[in-house]
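For reference, the structure discussed in these notes is given below.
The values are calculated or read from the model by the stated rules, or taken from the named source; none is laboratory data. Bear in mind that the values here come from a model prediction, so they are computed numbers and not experimental data. Cβ placement follows ideal geometry from the backbone for every residue including glycine, while neighbour counts extend to all protein chains displayed. Quick note on the areas: whole protein, heavy atoms, side chains included, nothing else; ligands and nucleic acids left out. Shrake-Rupley method; radii C 1.70, N 1.55, O 1.52, S 1.80 Å.
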Amino acid sequence: MIRDITNPAARAHMDRFLLIGTSHRIVPPTALGALPAREDVARELAACRRDGLIAGAVLLATCNRYELYIELGDPSSAAAVEARLGAMFDPLPRVVLQGFECALHLFRVTGSLDSMVLGENQILGQVKTAWHAAREDGLCSTLLEEAFREALGSAKAIRNATGLGQRPVSVASLAARYLADRLRARHRPVVVLLGAGEMIRKAAPALREAVDAELVFVNRSLDKAVDLAHRNGGRALPLDRFLAEGCAADAVVVAVRSDRPLCDAALLARLRCDDRVEFVDLSVPGQVALPAQGPRHRVFDMDRLREISEAHAEERRRAASRAEPLAEQHVARLAQRVAERGLDLREVRTAHLDLAEREAEARIRRSFAHLSEADREAIRGILLTMARSHAHLHLKHMREQLVGASRGEG
């Protein structure tokens with residue numbers, strides 16, 4: 001276990017690291033859509049920092065996880081922070097981790113060892129986006145900055161050492177495989193892609209590779225739909241026209257955020273298809289307000305995707321087991337650096353300089369009382385400059401001795 005490869009000083013500093021979160025491990029992914037938007041969470045986090053409870057936080061919100069990584073103002077405030085921020089997760093169950101367990105979880109998540117699809121590569125971009133968003137909100141503290149940078153490096157090492165992710169698998173690619181199986185018997189099927197975000201941008205090339213289909217890109221902003229159509233060899237429709245008139249469609253892939261579901265019985269009636277329309281709902285919350293199956297449709301959503309990914313994950317689990325020790329090593333390296341930087345000798349320096357100033361004043365009164373005030377001030381300045389220089393050398397030596405002792409060096 002990771003506790004065995006780290007020292008007590010490192011553990012003390014890492015206890016400032018706290019996770020409050022939930023994910024596909026304990027809730028259906030479609031349930032995550034009910035959790036607060038990033039802007040609302042950022043306001044609450046800023047208030048917690050003003051109150052001194054936290055030093056910073058990063059929100060990682062994806063289609064299958066919603067997690068807050070927090071640097072506590074003081075390790076003892078963990079319970080108070082959980083009570084205040086944990087309310088945002090109600091009524092969903094949540095996980096709380098502190099210290100090394102929190103850091104290891106972050107490294108496992110970033111290395112796609114905790115993903116719904118083991119080895120998927122989408123999580124790297126999502127972690128970077130969350131980290132940069134916290135920076136923009138002024139919420140990324142020193143510990144979190146260091147942790148996220150090391151986590152991304154750990155993910156790269158895991159992929160290089162285990163081969164996990166060399167043949168990238170993602171939510172989008174599994175959805176494409178599902179549609180390829182369903183549409184294989186249809187000649188040149190029409191697939192509508194509703195949305196223009198990251199999920200649709202990844203799904204389009206995966207679909208193009210998996211099935212010989214005509215792609216129709218639909219978005220509220222027609223310019224974005226046109227751009228996607230140009231890149232992927234399809235055509236574009238504005239959202240309002242699609243909802244009002246429908247179109248020929250063998251399948252609809254939807255990945256958008258909306259206050260109300262966009263794909264309902266009224267839209268289904270407007271879609272022209274000789275067989276069932278296959279709906280693939282990659283939205284959180286879901287955007288298909290239809291039963292799982294009917295005479296004219298089938299729905300494949302994030303909960304169904306989780307079932308399929310679990311059924312085909314054994315090979316990737318074996319690769320992931322080889323990656324676990326690498327994640328632990330990177331967490332230990334992070335802890336060591338945090339501990340080394342965390343040696344706070346400011347009080348020692350202050351006491352050293354206070355003593356030097358008192359002694360300088362006493363010597364000046366005793367030996368240089370006959371000099372002018374300007375001369376005495378000049379001597380005082382020289383003595384204090386020497387004291388600061390000596391303090392720097394002494395503290396540097398002390399830091400090196402303490403770091404060596406924390407590493408177990410003789």
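Considering only residues that are touching a Phe, Trp or Tyr at 6+ places or on another chain (Cβ under 9 Å) and open to solvent by less than 10 Å² (accessible area, probe 1.4 Å), look in region 266-281 and name the one that is farthest from MET199 (Cα to Cα). Going through the qualifying residues, I end up with LEU267. Tallying residues that are of a type outside the set (Ser, Thr, Tyr), open to solvent by less than 40 Å² (accessible area, probe 1.4 Å) and within 30 Å of VAL171 (Cβ to Cβ) within region 38-70 yields 14. Taken over region 11-37, the criterion of being at pLDDT below 90, within 23 Å of ALA80 (Cα to Cα) and either open to solvent by less than 30 Å² (accessible area, probe 1.4 Å) or outside any loop (DSSP other than H, G, I, E, B) (or both) is satisfied by ARG11, ALA12, HIS13, MET14. When the test is whether a residue is surrounded by 14 or more Cβ atoms within 10 Å (Cβ to Cβ) and either part of a helix (DSSP H, G or I) or at pLDDT below 80 (or both), LEU393 does not pass it. When each of ALA157, ALA130 is tested for being touching a His at 6+ places or on another chain (Cβ under 8 Å) and either on the phi < 0 side of the Ramachandran plot or open to solvent by less than 50 Å² (accessible area, probe 1.4 Å) (or both), the lone residue that passes is ALA157.
Could you grab me the full set of residues in region 331-359 that are of a type in the set (Val, Ile, Thr) and either modelled with pLDDT of 75 or more or under 14 Å from PHE17 (Cα atoms) (or both)?
Correct list: VAL331, VAL338.
Within region 204-230, residues that are at pLDDT below 90 and among the basic types (Lys, Arg) sit with their Cβ atoms under 8 Å from residues that are open to solvent by less than 50 Å² (accessible area, probe 1.4 Å) and in a helix (DSSP H, G or I), at 6+ positions apart or across chains, in these pairs: ARG208/ASN232.
A search for C-beta distances below 8 Å between a residue of region 257-286 that is under 14 Å from ASP301 (Cα atoms) and any residue that is open to solvent by 40 Å² or more (accessible area, probe 1.4 Å) and of a type in the set (Gly, Ala, Ser), counting only pairs 6+ apart in sequence or on different chains, returns PRO261/ALA289; CYS263/ALA289; PRO285/ALA34. Scanning region 245-264 for residues that are of a type in the set (Gly, Ala, Ser), outside any strand (DSSP E or B) and at negative phi yields a total of 3.
Checking every residue in region 110-122 against the condition of being crowded, with 22+ Cβ neighbours inside 10 Å and either farther than 30 Å from ARG304 by Cα or at pLDDT 90 or above (or both) gives at least one match. Look at (1) closer than 24 Å to GLY125 by Cα; (2) open to solvent by 70 Å² or more (accessible area, probe 1.4 Å) and you find that PHE217 fails only one, number (2). Applying the set (1) of a type in the set (S, T, N, Q); (2) at pLDDT 85 or above; (3) in contact with a Leu (Cβ under 7 Å, 6 or more places away or on another chain) to SER309 leaves exactly one unmet item: (2). Counting only residues that are without any contact (Cβ under 8 Å) to a residue 40 or more places away in the chain and either part of a strand (DSSP E or B) or open to solvent by less than 60 Å² (accessible area, probe 1.4 Å) (or both), region 86-107 holds 1 of them.
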